[in-house]
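Trainee: Below is the structure I would like to discuss, written out as structure tokens.
None of the figures in this text is laboratory data; all of them are computed from the coordinates on show. Just so you know, these numbers come straight off a predicted model, no measurement behind them. Backbone-built Cβ (ideal geometry, glycine too); neighbour counts: all protein chains shown.
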Amino acid sequence: MMSEISENLKQLPLGDWHRSLGARMVPFAGYEMPVQYEGVMAEHIWTRTEAGLFDVSHMGQLQLIGEGAADALERITPGNLSALAPGKIRYTLLLAQDGGILDDLMVTNTGHHLYLVVNGATKHDDIAYLQANLPDGLTLNHLEDAALLALQGPKAAAALAKLGIDPAEPEGPLPTDLYFMEAGPFLWCGIPLGISRSGYTGEDGFEISVPAEHAVALARALTDLEEVRPIGLGARDSLRLEAGLPLYGHDMNPDILPVEANLSFALSKARREEGNFAGAERVLAQNPDKAATKRVGLFVDGRQPVREGALVVDDNSATIGNVTSGGFSPTLQRPIAMAYVPMELSQTGTAIIVEQRGKKIACTVADMPFVPHQYYRKPKQ
């Protein structure tokens, strides 16, 4: 049965490399992917203290090329993309025509075109939606021959500096000169790389787009360094939960609007004033605090984690919300979760009751991120 499942899954460019390292492979987003190598707890702690290498090649890497690309993309996203300077990155949301969240994505202005990274499980639907809603004069390329690696942790910059990566453009910065949410083109041993200072763990780090044929060589070069170890999906999930970062398909879906998802920061002031993006009337009617429900963090009493699907209930056991992500925090040594609760119960310190498998568990609304972000931000002038 497992071999039949594996045959139906897409393979990553690094698939054989993962297996050679003893990775436990599991189905995820239609791919066979490594969930762990030596153990989720050890890999999580290593990333928080050293540098972890994640294979995120299942993500969709897209190019949007043509005059007016940013203005066109703004019709279906609420981010101020037309003001995005070359070398800068913006987090935004792909919105359905009624304002529901179809995906979250990162948009980079490369200076030549827009580079988009979308979620692996939704990338084909995203591509179809983009093609249906963007002008004919634009070109959308799916970079299927590119792998994507994420190097994350407090020693990520020091590790990357050891590889001798050069700027691809005259007088361009080194990768370690980048600040959080900046990107650029680089060369490693003559191989073109696209590197951004970003990630999904709350730690300082980089995402590296590399031609698939050179992905194994780059991964080996990085993991040959003493501070770098390969990290699987299990630790990626526990790290992003500690960082308070939502996962599409779990903490967001087409039935949820940006304010409900606690993503109001993605509604830029300029775009709120213009109100000319998909579903704007419905989305802005909730801003800033007029939604009925809101995604919040939870501290869970006791040692038993609550999981996705557990119910938030009131004193009469009526369902009033739901848990969308949950697990044990290796850093805090306690269970944490994210849940949707009524807006009037969303204030920090509010007592919440979660019901899981017939058992009621006391929780408290907590600030997110649970673990402070360590992004390498540009100093304020």
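Trainee: Check whether at least one residue in region 73-81 is in contact with a Ser or Thr (Cβ under 9 Å, 6 or more places away or on another chain), within 30 Å of L225 (Cα to Cα) and touching a residue at least 60 places away in the same chain (Cβ under 8 Å), and report yes or no.
Mentor: No, the conditions are met nowhere in region 73-81.
Trainee: Right, something else. Within the set of pairs 6 or more residues apart or between chains, which connect a residue that is touching a residue at least 12 places away in the same chain (Cβ under 8 Å) inside region 217-231 to a residue that is small (G, A, S) and not in a strand (DSSP E or B) with Cβ atoms less than 7 Å apart?
Mentor: Between residues of region 217-231 that are touching a residue at least 12 places away in the same chain (Cβ under 8 Å) and residues that are small (G, A, S) and not in a strand (DSSP E or B), the close pairs are L222/A159; L225/A159; E227/A158; E227/A159; V228/A159.
Residue by residue, here is whether (1) of a type in the set (D, E); (2) in a loop (DSSP other than H, G, I, E, B); (3) out of contact with any Leu (no Cβ under 9 Å at 6 or more places or on another chain) holds:
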{"site": "E144", "(1), (2), (3)": "yes, yes, yes"}
{"site": "A147", "(1), (2), (3)": "no, no, no"}
{"site": "A150", "(1), (2), (3)": "no, no, no"}
{"site": "A159", "(1), (2), (3)": "no, no, no"}
{"site": "L163", "(1), (2), (3)": "no, yes, no"}
{"site": "E171", "(1), (2), (3)": "yes, yes, yes"}
{"site": "F180", "(1), (2), (3)": "no, yes, yes"}
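Trainee: Let me ask something additional. Sort out which residues of region 247-260 are in contact with an Asp or Glu (Cβ under 7 Å, 6 or more places away or on another chain) and either of a type in the set (F, W, Y) or part of a loop (DSSP other than H, G, I, E, B) (or both), and write them in order of number.
Mentor: Y248, H250
Trainee: Another one. Which ones in region 26-51 are closer than 18 Å to L151 by Cβ and β-branched (V, I, T)?
Mentor: I45, T47, T49
Trainee: Filter region 271-295 down to residues that are under 21 Å from G349 (Cβ atoms) and in contact with a Phe, Trp or Tyr (Cβ under 8 Å, 6 or more places away or on another chain), then give me how many there are.
Mentor: 3
Trainee: Scan region 338-381 for residues that are touching a residue at least 60 places away in the same chain (Cβ under 8 Å) and part of a strand (DSSP E or B) and jot them down.
Mentor: M338, Y340, I361, A362, C363, T364, V365, A366
Trainee: State the number of residues belonging to region 41-67 that are touching a residue at least 60 places away in the same chain (Cβ under 8 Å), within 20 Å of L222 (Cα to Cα) and not acidic (D, E).
Mentor: Number of matching residues: 13.
Trainee: Still on this structure, I have one more. Mind checking which residues of region 182-205 are among the hydroxyl-bearing types (S, T, Y) and surrounded by fewer than 24 Cβ atoms within 10 Å (Cβ to Cβ)?
Mentor: Listed by number, the residues that qualify are S198, Y200.
Trainee: Tell me, yes or no, whether region 206-223 has at least one residue that is at positive phi and crowded, with 19+ Cβ neighbours inside 10 Å.
Mentor: no
Trainee: Give region 267-314 a look and list any residue that's in contact with a strand residue (DSSP E or B) (Cβ under 8 Å, 6 or more places away or on another chain) and surrounded by fewer than 18 Cβ atoms within 10 Å (Cβ to Cβ), or say none.
Mentor: Selection gives A292, D301, G302, R303, Q304, R307, E308, G309, V313, D314.
Trainee: Let me ask you something else. Within region 36-88, can you find the residues that are within 23 Å of A132 (Cα to Cα), outside any helix (DSSP H, G or I) and of a type in the set (D, E)?
Mentor: Those that are within 23 Å of A132 (Cα to Cα), outside any helix (DSSP H, G or I) and of a type in the set (D, E): E67, E74.
Trainee: Moving to a separate point now. For R303, all conditions in the list (1) touching a residue at least 40 places away in the same chain (Cβ under 8 Å); (2) more than 20 Å from H18 (Cβ to Cβ); (3) among the basic types (K, R); (4) outside any helix (DSSP H, G or I) hold save one; what is the number of the exception?
Mentor: Every listed condition holds for R303 apart from (1).
Trainee: What about T92, is it assigned to a helix (DSSP H, G or I), under 15 Å from the mean Cα position of the chain (by Cα) and of a type in the set (V, I, T)?
Mentor: Here the answer is no, as T92 does not meet what is asked.
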